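Each value in this text was obtained by applying a stated rule to the coordinates, not by laboratory testing. Small disclaimer: the values here were computed from a predicted structure and weren't measured. FYI the Cβ positions are ideal-geometry reconstructions off the backbone, even for glycines, and counts take in every protein chain you see.
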Amino acid sequence: MEVQIQPPNQSLDVSLMFDNFDIDILVKVLSHTMLSPFFMFWLPVFFWFNDVPYTDPVFFGTSAYVIGVAVFWFTKWHSRLYRNQGSLIYGPGSLDWGEQIILITGGSSGIGELIANTCAVRNVTVIVLDVNPIVTENYNINYYKCDVSKWEEVEAVSKQIIEEIGHPTILINNAGVVQGKLLVDLTPEDVQQTFSVNTLAHFWTLKAFLPGLIERKKGHIITMSSVAGMVGMARMTDYNASKAALISLHESLRYELDHKYN
């Protein structure tokens, strides 16, 4: 009996190569190559070692591009120093992850769950506020049931958290809902829920935990907004408006923290 052995299928589904490709990967690659002054610096150096005259358009254009990229990076770096209360001489202090208590709203699913588990790997004490419990194997994630859209629940659970664990040092306001309906199809309850969870919840958690951050004169507040807060989209009128409000809230809070507290 003759047995025929078929060669293995060498075909490759090219689409699989791009399953995990997104704009973040592209930006990451460009930031370390074409948009990195440390990478692009060697291009005019190469021309210089090859005796390319300074007046050569390619040499001149490349040098101007590198200078522009360097200015962009310096501006970006200086902006980061300002946001973290640093200066050109003294940069912001390093963050000791082991001493941090991170509170995440809406941390039982989606992005919030990913953030909670990622932070837990750094040996950080993580607190999750959500109406549903988080399913995790990380021992340092503490779950508290709370509807963050209701001030009474936030106020009560904040006192419990401070007493049992301590004052959060990093507040991540992440909870959010999406209705996905046309404006005329939205019920008053839909609109109320969207703004209560997406916007008002930020006010309630800030009112509860911001005084502790101000008293210790350090901490971090992370507002999870969206590009949807800056553009319009169909079936997203309530969601976009709630996220636009968060952008304004965060900017106004920044001015208060910079100028109204000693």
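Here A234 and A156 are evaluated by their C-beta separation; at R0 = 30 Å the FRET efficiency comes out at 0.15.
Taking a straight Cα-Cα cut-off under 17 Å and skipping sequence neighbours fewer than 8 places away in the same chain, the lysines within cross-link reach of K145 are K159. Remark: segment 131-138, residue by residue, has Karplus-estimated 3J(HN,Hα) of 7, 10, x, 8, 9, 8, 9, 6 Hz, where x stands for each Gly or Pro and the curve is 6.51 cos²θ - 1.76 cosθ + 1.60 at θ = phi - 60°. Both the radius of gyration and Dmax for the chain are 25.0, 91 Å, in that order, over alpha-carbon atoms.
Against the chain, whose longest principal axis comes from its Cα atoms, helix 237-259 is set at around 90 degrees. Once divided by 2.2 N^0.38 Å, the Cα radius of gyration of segment 17-83 becomes 1.41. Spin-label pair S79-D190: with each label point 7 Å from Cα along the Cα-Cβ axis, the two points sit 3.6 nm from one another. Look at where the Cα atoms of segment 246-262 and of segment 34-73 average out, and the two centres are 40 Å apart. In segment 151-254, Cα pairs under 8 Å separated by at least six residues give a relative contact order of 36 percent.
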